[in-house]
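> Pasting a structure below so you can have a look.
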Amino acid sequence: MSQVRKFLSSAGTSGYLLLLGAIVINVVVQGSSFFSTANFTSILSVNTPLIIAAIAQTIVVLNRGIDLSVGSNITLVNTIVIMLSNKYGWSIEAACAAGLIAGTFIGAINGFIIAYFRIPSLLATFATMSVFGGLALIVLPTPGGSVPSYMYLLYGGQTLGIPNSVFIVIVVALIWLLLSKYPIGKHIRAVGGAEKSAYTAGISIAKVRFIAFTLAGTISGVAGLCITALTASGDPKIGLSITLNCIAAVILGGTRLAGGWGGIGGSVAGAVFLGLVNNIVFFFFNNFLTHFSGIASRASFIQQLLTNTIIILGLASAVFTQRRKKRAKIAT
Amino acid sequence: MLQIKGLNKQFGNVKALNNAYLNLRAGEIRGLLGSNGSGKSTMAKVLGGLMFKNAGDISINGETVEIGSPLDSRERGIAVAYQDLSLVPQFTIEDNLTLGREPRTSGWKRIERKQTREEATKWIEKLQINAAPHTLVESLDPSTASLVEVAKALSWNPKILLLDEVTACLHHDQVNRLFEVLRELKEQGLAIIIITHRFDEIFKICDSATILRNGETVTEIDIKDVVETDLVYYMTGKRPEPFSRKSTEEHAKKTEREVVLSVSDLYLRDKVKGVSIDVHQGEILGICGLQGQGQSDFLRAVYGSVAFDKGTITYQGKSVAFRSPKDAIRQGIGFISGDRHAEGIFPDRTIKENIFISKTSLRNLFSSVNTKKQAATTEEVVQRLNVKIGSIDHSASSLSGGNQQKLLFGRNFLFDLKLVLLDDPTKGVDISSRREIHQILRDLTKTGTSVLISSSDHEELLEISDRIVVFYEGRVNAEMTVDEHTEDLLISAMLGVRVNDHQEAGA
Amino acid sequence: MNQSTVPQLDLPPQGGRSAFHIGKLVRNNMFVAASLTIALFIAGSLFNPNFLNPQNIGSIFTLAVIMGIASFGQTVVVISGGDGIDLSIGGSISLGAVMSALVMNGQNSGIVPALLLVIGTGILIGLVNSAGIILAKVPPLVMTMAVANILGIVQLIVCNGSPTGRPAPAIAYIGTHRIFPILTVLMIVGVVFMFLARRFLNNTTYGHQLFAVGNNDNAAFLSGARPYIVRMMAYILSGVVGMLTGFLLLGYNSFVFINMGMAYVLPSVAAVVIGGTSFAGGKGSFSGTMVGAILLTTLASLLIVINTDEAGRQIINGVALVLILALYTREPSVRQ
């Protein structure tokens, strides 16, 4: 296979290419202020929850599943942390630990239902999304609360010129990359790519699926902690857009929804791409379109429209680079 | 070493296995034979742990065992290479071979990549697999993928090996190499069960055979005590009628008739490289060749389901280039694929719907359908083709493979066919259905329809064709009429030897 | 000819395989769903004896009709296979309601223009969905989600942030009039719609091709069907019926608010699943979906009667859905 073909067909390529394109266009519309540390920090720290959620979703998608409850997981963790620290006076560290455990537990519930009752993950997580969302409302009926200032300062700061939240992403990514070198990482993909073949090889489908969803739950919990640090408060309705966006990020990154193929690299790139698109549209408007009168009144609508259209185009091109010629129809 | 007694397996009302038995010794190669639906694959799946049995005893070396999962099966020393393959297409060959028993490093217990690579390389060399260990399985052609499946089973170092129709996609030399390896392993004490439809393989490699029919074991015999007709009798209950090959004159006369289809210099990507063929009216033209030499692609280019790059197709005197099967059907061309699972049957739809789909598709998109009339016509067709069904409102998945294949004929029969294209239609079909299909084809030609049939079974083509062309690497390698000396020429041509001065136009 | 030395054996005749019925499965699902619905009604009456009032039953069934019609497009799209799903119907319904309100503006003369506009826009929505799904091969889940987002914004642009308008009197009549306590005009509309839907799916060439394409698109193509066109029509139908549902919803509510259709999206998927339509495509029925819609609406009404707050309702809805899913959308075990 030629080198170009090989590059194009490896996992994550579409995400990297899209991200590159977005960076280039962003520089064009925003100018040199794009390269400031402040800008990087703001973009990356705002989007870290999405990036981490995309990593969680990738694991589930590699397993040929989908997790619609990621957003509710993040929301519930966020509300639990705020409630425990504000209402019950827990230290923020203890509250975060509890939040992480809650996230893991949520993932485990999903995993249990999906793995042992064999309910399709789309439907199961749609149902649990409601349940966890409702629980979040009970935990924290109205938005509010606060976190100690050192938490959000730490989250929003930089070390050695790199935004601190990036380190969180790196740690999470390393955990998954390490797992990939172990049988469990391989088996998660195997069950996703060809369930019957994995079963024939002696792998326990239920166990692997359970682990995949539980792991995704833990990682979503981390995203919930990040969003708590980011917004420095709690909001029981914060989650839905993250769910849809993290699924889009996974697809933009080239991971196949059918399972067995892909990786977190592409999803991370896809998530950053989404973050940049918002940025691009904003600057495009402010720097280029303001002299069209009549647009101003509907500016925010048109911006959103533009953003969504770009995302659709990004999805189309991501899927396009995935097309390979399959020769044999093999596993069941 | 292995003894199966009283094995029962039921799916709803269907008894796939009914009191079946099998005996196997170490160092023995036993064929497991039977028509489609006789229960062979079911028995394989029970032994492999993919299906649970309803009743029966399985004992290994005298000890009764329960096989509750594929893991159990492997731990008991059984390895199965499945017909529909148990590989993960998105993984490499080496990852597939070590799936479920990955070698681990000593310290951190990560997956040991060097050992993974070495093991894959070993089996690739042994079975002469034409691919590197890091190749993705989804990019392999069917024959290579089948060999990887066998390699996987062998890499488990089993005591009992079961091969379920693995030779279906293999080339002649691949089969020979496989048999060499099997003989080696047999000397070392491996017990082997081989499921196959090909009689030449049975007599070449098997020591003994167990024959199933309708889920029951008919008998167990030693191969040296029987001949082919005996096996057919056990499998079907009927003695096969001797057939006579038509005389050369009869075949030759047909070439004097008018040409229905004339293909000139057809090119399709790297699959078809300048093929020219003429089909005369009422003639059966067989396309022979190993799998993947371009026959399938050629047929589909003619049918219009894929677009060809260069060349001309003249049908009934007019130059055509069908843009979709719909156009071809409109002009009286039918297509029947042997891969009924992927390309033919709608398993959850009724038999009636399966038969009428083409007719319905040709009408306007939103016209109403007369279900009563459809029902009546379906009954007629089912009768005419002797399809064994419960009722026309049952789903097509309730039929056996051979009967499903006949449904596909029924679909085409609703039209006034001038030409029918067949892509390996009897692959995996039991012998009596196969004979019936051959007769259907012969009857078709009596009413003037022409038949262009590709088959991986050269004996089948020798039986029914008037003329045969051989495809090799995308070109027509030989063209011959059928007589007593054709077989040897045919096999040589299939392997690439140029047997006569046949020159493709413009080659 | 070689003489065989093998003795003749007395072998049993080769019989035909016995088959299983397609109808049984679907009916099975519907039977279970119907029983559950009855159970819910009984449970509701325990909390509040008025639950079994003819008036209340009529209201529930009316809501179910709207839910069912809203789910018609989803049913067709899911049957068409290829991982088909339409998450944009919430957007279609909302946009349909907003547009209808603006155009009709309380006048009967506005009915026809509103219908034309709504149907035309529905076709456009279907074309956009199809373009992404069929041409660009974007997974339906994602494409329709993106289109849903866009429709939400278009809705805002169309009414400039705050929707105005009222349904025409005739439409409000259809949407709200009760013939008997237990029978509303909308229920009759629902029955007629079900009848037409059934004929459409079972007795037209499109329906035949739809099921074939959903069951095995390759085989359908080789048999002369046109999978692309069939699937495109499915999304167009979904868009059109979604917009028409918005139109109808306006009549039912008599006023319009933003994102009126959001609450219908995921329940439409649930209704389709409960009704026995398979996400693999090629199998299913609209009657099943309708029964699913009735079940879901009854559950929702029950929860209101029990007087739970929004949080509680969400949780119970979710848990109930998990239980229903566990009952009969379980995938078969890998080991048979």
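The values are calculated or read from the model by the stated rules, or taken from the named source; none is laboratory data. On a predicted model such as this, the values are computed, not experimentally measured, just so you know. So basically every Cβ, Gly included, is an ideal-geometry build from the backbone, and we count neighbours across all protein chains shown. Ligands, DNA and RNA are stripped out before the accessible areas are found, and what is left, the full protein with its side chains, is counted by its heavy atoms. Shrake-Rupley method; radii C 1.70, N 1.55, O 1.52, S 1.80 Å.
> Quick check: net charge around residue C:226, other residues with Cβ under 14 Å of its Cβ, Lys/Arg +1 and Asp/Glu -1? Don't jump to the answer; show the numbers that get you there.
Values: positive: B:323, B:326, B:330, B:363, C:231; negative: B:327, C:217.
Combined, the nearby Lys, Arg, Asp and Glu give +3.
> Taking every residue in B:362-369, how many Cβ atoms of other protein chains lie within 10 Å of its Cβ, on average?
6
> For residue B:65, which sequence-distant residues (separation of 5 or more, or a different chain) have an amide H within less than 5 Å of its own amide H, given hydrogens modelled in the peptide plane?
B:58, B:59, B:60
> What nm distance separates the two modelled labels at residue A:20 and residue B:439, each placed 7 Å from Cα along Cα→Cβ?
6.5 nm
> In peptide B:384-391, what is the residue-averaged number of other protein chain Cβ atoms found within 10 Å of each Cβ?
Neighbouring Cβ atoms belonging to other protein chains average 2 per residue here.
> Can you work out the FRET efficiency for the pair residue A:39 and residue B:270, with r the C-beta to C-beta distance and R0 = 51 Å, to the nearest 0.05?
Computed FRET efficiency for residue A:39 and residue B:270 comes out at 0.55.
> So, one more: With every protein chain left in place, what is the accessible area per residue of chain B in square angstrom, probe 1.4 Å?
About 39 Å² of surface per residue is accessible.
> Show the residues, 5+ positions off or on another chain, whose built amide H is closer than 5 Å to the amide H of residue B:478.
B:470
> Oh, and also: Hey, can you list the residues from region B:102-147 whose accessible area shrinks by 40 Å² or more with all protein chains present, relative to the chain by itself (probe 1.4 Å, no ligands or nucleic acids)?
Correct list: B:102, B:110, B:111, B:138.
> Using only the Cα atoms, what convex hull volume per residue in Å³ does the protein assembly as shown have?
Dividing the Cα hull volume of the protein assembly as shown by its residue count gives 200 Å³.
> For region A:244-277, state which residues have at least 50 Å² less accessible area in the presence of all protein chains than in their chain by itself, taking the probe as 1.4 Å and leaving out ligands, DNA and RNA.
At a threshold of 50 Å² (probe 1.4 Å), the residues of region A:244-277 that become less exposed are A:244.
> Another question, if that's okay. Quick one: with all protein chains in place, what share of the accessible area of chain C is carbon or sulfur, to the nearest percent (1.4 Å probe)?
About 66 percent, which is the carbon plus sulfur part of the accessible surface.
> What whole-number distance in Å separates the alpha-carbon centres of region B:18-84 and region C:211-271?
47 Å
> If you fit an axis through the alpha-carbon atoms of helix B:351-361 and take the longest principal axis of the Cα set of chain B, what angle between them do you get, 0 to 90°, nearest 10?
Rounded to the nearest ten degrees, it is 40.
> Follow-up question, since we're still on this one. How much length is gained if the chain between residue B:487 and residue B:204 is pulled fully straight, taking 0.36 nm per residue apart and subtracting their Cα-Cα distance, in nm to one decimal?
Values: separation 283, 0.36 × 283 = 101.88 nm, distance 1.83 nm.
Going from the current span to full extension adds 100.1 nm.
> What ranking of B:234, B:267, C:173 comes out by heavy-atom accessible area, probe 1.4 Å, highest first?
If we order B:234, B:267, C:173 from most to least accessible, we get C:173, B:267, B:234.
> Using a 1.4 Å probe on the protein chains only, how many percent of the accessible area of chain A belongs to carbon and sulfur? Walk me through the numbers on the way to the answer.
Details: 9300 of 13190 Å².
The value for chain A is 71 percent carbon and sulfur by accessible area.
> How far is helix B:401-413 tilted off the main Cα axis of chain B, in degrees rounded to 10, range 0 to 90?
That works out to roughly 20 degrees.
> What's the angle, to the nearest 10 degrees (0 to 90), between helix C:227-253's Cα axis and the longest principal axis of chain C?
30 degrees
> Give me the one-decimal nm value for the distance between modelled label points at residue B:447 and residue B:375, 7 Å along each residue's Cα-to-Cβ direction.
Using points 7 Å along Cα→Cβ, the separation is 2.5 nm.
> Within chain A, which DSSP H helices have Cα atoms that stretch 27 Å or more along the helix axis and a mean Kyte-Doolittle hydropathy of at least -0.5?
Helices passing the filter in chain A: A:37-62, A:92-116, A:205-231, A:264-284, A:299-320.
> Measure out, as a whole number of angstrom, how far apart the alpha-carbon centroids of region A:172-210 and region C:29-65 sit.
Cα centroid to Cα centroid, the span is 44 Å.
> Between residue B:172 and residue A:320, what FRET efficiency comes out of the Förster formula 1/(1 + (r/R0)^6) with R0 = 45 Å and r the beta carbon distance, rounded to 0.05?
E(calc), rounded to 0.05, equals 0.65.
> Provide C:102, B:178, A:174 ordered by accessible surface of protein heavy atoms (probe 1.4 Å), highest first.
Largest accessible area first, the residues go A:174, C:102, B:178.
> Here's another thing I want to ask about it. Over both sides of the B-A contact, add up the buried accessible area with a 1.4 Å probe and give it to the nearest 100 Å².
Rounded to the nearest hundred, the buried surface is 2700 Å².
> What order, most packed first, do the peptides A:188-200, B:292-304 have when packing is the mean number of other Cβ atoms within 10 Å of each residue?
Numbers: A:188-200: 26.7, B:292-304: 24.1.
Taking the mean over residues of other Cβ atoms within 10 Å, the ranking is A:188-200, B:292-304.
> Okay, next question. Near residue B:3, within a Cβ-to-Cβ distance under 15 Å, what is the net charge of the other residues, with Lys and Arg +1 and Asp and Glu -1?
Numbers: positive: B:5, B:25, B:30, B:53, B:76, B:159; negative: B:28, B:57, B:63, B:66, B:220.
Here the count lands on +1.
> What is the antiparallel percent of DSSP beta bridges lying wholly in chain B, to the nearest 5?
Given both bridge residues lie in chain B, the antiparallel proportion sits at roughly 55 percent.
> So what is the accessible area of region A:10-331 per residue, in Å², with the probe set to 1.4 Å?
Numbers: 12200 Å² over 322 residues.
Normalised by residue count, the accessible surface of region A:10-331 is 38 Å².
> So who's got an amide H within less than 5 Å of the one on residue B:450, skipping anything under 5 residues away but keeping other chains? H placed 1.01 Å off N, in plane.
B:282, B:419, B:420
> For region B:337-347, just list the computed ³J(HN,Hα) in residue order, Karplus coefficients 6.51, -1.76 and 1.60, θ = phi - 60°, integers in Hz, with x standing in for Gly and Pro.
Rounded to whole hertz, the list is 9, x, 8, 5, 5, 8, 10, x, 9, 9, x.
> Additional query: Write down the accessible area per residue of region C:65-329 in Å², having rolled a 1.4 Å probe over the full set of protein chains. Each step should come with its number before you reach the end.
On the way: 8740 Å² over 265 residues.
Heavy-atom SASA per residue in region C:65-329 reads 33 Å².
> First select every other residue whose beta carbon is under 9 angstrom from the beta carbon of residue B:116; then total the charges, Lys and Arg +1, Asp and Glu -1.
That works out to -3.
> Just read off the accessible area of residue A:88 with the full protein assembly in place, 1.4 Å probe, to the nearest 10 Å².
130 Å²
> Tell me, what % of the accessible area of region B:362-402 is carbon and sulfur with a 1.4 angstrom probe?
Summing carbon and sulfur atoms, their accessible area is 45 percent of the total for region B:362-402.
> Give me the dipole magnitude in Debye, nearest 20, for region B:323-367 about the Cα centre, with unit charges on the beta carbon: positive for Lys and Arg, negative for Asp and Glu.
With only Lys, Arg, Asp and Glu charged at Cβ, the dipole is about 240 debye.
> Further question on the same structure: Calculate, for residue B:63 and residue B:141, the FRET efficiency according to 1/(1 + (r/R0)^6) with r their C-beta to C-beta distance and R0 35 Å; round to the nearest 0.05. Could you put the intermediate results ahead of the total?
Numbers: r = 42 Å, r/R0 = 1.19.
FRET efficiency, residue B:63 to residue B:141: 0.25.
> With n ≥ 4 as the cut-off for DSSP H runs, can you work out [θ] at 222 nm for chain B, using -39500 (n - 2.57) per run divided by the number of residues, rounded to the nearest 500?
Estimated from H runs of four or more residues: -10000 deg cm²/dmol.
> Counting only protein heavy atoms, probe 1.4 Å: which residues of region B:63-81 lose 20 Å² or more of accessible surface in the full assembly compared with their chain by itself?
SASA drop of 20 Å² or more in region B:63-81: B:68, B:70, B:71.
> While we're on this one: Mind grabbing the interface size between C and B? I mean buried accessible area, both sides, 1.4 Å probe, in Å² to the nearest hundred.
5000 Å²
> Using a 10 Å cut-off around each Cβ of peptide B:218-230, what is the average number of partner chain Cβ atoms that fall inside?
2
> Further, regarding this structure: Give me the summed buried accessible area for the C-A pair, 1.4 Å probe, to the nearest 100 Å².
In total, this chain pair buries about 3700 Å².
> Okay, moving on. Using only the heavy atoms of the protein chains and a 1.4 Å probe, how would B:432, C:238, B:319 rank by accessible area, largest first?
Details: B:432 25, C:238 0, B:319 95 Å².
Greatest to least solvent exposure: B:319, B:432, C:238.
> Which distance in nm do the two modelled labels at residue C:31 and residue C:55 give, with both placed 7 Å along the Cα-to-Cβ direction?
Each label point is offset 7 Å from its Cα along the Cβ direction, giving 3.7 nm.
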